[in-house]
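Just so it is clear, none of the values below were taken in a lab; they were calculated from the coordinates. Remember, predicted model here, so these are calculated numbers, not experimental data. Quick reminder, even Gly has a Cβ in these numbers, built from the backbone with ideal geometry, and neighbours come from all protein chains shown.
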């Protein structure tokens with residue numbers, strides 16, 4: 001009997017990615033706080049643009065994403081030729097590993113880093129290398145100590161997921177300065193839009209050939225279902241990534257929605273302000289219930305419990321009441337729950353349910 005071909009080495013070592021749960025059997029009234037989605041949904045401008053673009057779904061989309069790149073460049077004062085668009089920022093991460101890492105190469109990330117860093121590294125045949133954090137924060141010193149001549153990519157999320165903590169500009173400069181030759185620093189800014197007066201490292205990337213910034217439309221702009229992301233990369237890197245990405249990787253509908261969303265600055269400002277207010281309420285309410293969390297700069301908080309059993313018990317109780325959060329044990333936090341910041345009603349319901357759990 002003919003044997004089926006074996007996959008490339010490393011692929012079977014990849015654990016399947018698990019997204020946040022969205023339903024509970026037998027419970028209809030659900031508040032989903034497990035995937036860091038915008039509780040306000042997408043802006044009306046993006047919805048209108050998507051409906052109009054749907055009339056052209058029989059046509060192939062543009063391969064150069066020129067209109068979306070121009071909109072991103074205008075909003076962030078960037079060179080549009082250095083912008084590469086992908087199916088979420090996940091695709092940019094995957095393309096970077098495919099293009100710049102392979103067998104014998106190392107891809108560095110922190111111990112609680114986004115699962116796609118290691119997944120994309122293994123898919124490319126490279127070796128993911130995990131370095132420690134300190135007090136749930138990215139530690140530049142451990143990253144620098146972990147670099148070798150084989151290091152080709154260094155990934156950090158800033159703000160980080162699932163902690164919500166972040167490092168400052170001087171730490172990012174020190175990290176970029178310490179890269180070995182032939183290595184790229186990738187600053188994952190999926191949650192950077194939630195930080196006031198923060199460019200997510202775009203200024204650092206402007207003047208360097210070894211720094212890349214990735215961003216997404218899935219969080220602040222409420223377009224998780226559209227799957228649109230982008231990276232700001234050196235010109236030569238843009239040429240490489242555009243050679244290997246799918247020529248029609250983004251649909252007409254997704255492109256139109258994303259362009260409208262990023263131009264809607266009033267929507268982003270409202271969501272940022274509301275997230276900050278509700279996040280403060282959430283942290284304070286949890287603290288009153290004896291559940292601490294680090295100051296978060298993102299649209300979620302990492303609630304810390306006495307131990308793994310207490311976290312799991314609270315998670316199970318919340319689900320019985322239709323409140324779904326994330327138990328990030330796979331990210332090295334078995335004694336924590338990651339809770340998305342909801343709207344005012346969502347935060348009220350979360351806190352009321354946790355209080356009921358405490359009062360049992």
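Laid out as a table, the results:
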quantity: For segment 44-263, the spread of Cα positions along each principal axis, largest first, Å; calculated: 53, 37, 29
quantity: Relative exposure of 163, 353, 110, judged by other C-beta atoms within 10 Å (fewest first); calculated: 353, 110, 163
quantity: Separation of the residue 173 and residue 235 label points, Cα + 7 Å toward Cβ, nm; calculated: 2.6
quantity: Mean shadow area of segment 280-360 over all directions, Cα convex hull, nm²; calculated: 4.9
quantity: Residue with peak Gaussian network fluctuation, the chain [Cα springs, cutoff 10 Å], from 117, 191, 60; calculated: 60
quantity: nm² value of the averaged projected area, convex hull over the Cα atoms of segment 195-353; calculated: 11.8
quantity: Separation of the residue 344 and residue 307 label points, Cα + 7 Å toward Cβ, nm; calculated: 4.1
quantity: Linear extension gain, residue 130 paired with residue 197, 0.36 nm per residue minus alpha-carbon span; calculated: 21.1 nm
quantity: Computed [θ] at 222 nm, helices only, for the chain once each DSSP H run of length n ≥ 4 contributes -39500 (n - 2.57); calculated: -12000 deg cm²/dmol
quantity: Estimated FRET transfer efficiency (residue 329, residue 148; beta-carbon r; R0 25 Å; 0.05); calculated: 0.25
quantity: Between segment 246-299 and segment 149-192, the alpha-carbon center distance in angstrom; calculated: 21
quantity: Full-extension gain in nm, residue 265 to residue 29, via 0.36 nm per residue minus C-alpha separation; calculated: 81.7 nm
quantity: Residue of 227, 208, 152 that the Gaussian network model of the chain assigns the largest fluctuation, springs spanning Cα pairs under 10 Å; calculated: 208
quantity: Antiparallel %, DSSP beta bridges [both residues in segment 44-263], to 5; calculated: 35
quantity: Virtual spin-label span in nm between residue 281 and residue 73, 7 Å along Cα→Cβ; calculated: 4.1
quantity: Top of 43, 234, 247 by mean-square fluctuation, Gaussian network on the chain, Cα under 10 Å; calculated: 247
quantity: Full-extension gain in nm, residue 111 to residue 57, via 0.36 nm per residue minus C-alpha separation; calculated: 15.2 nm
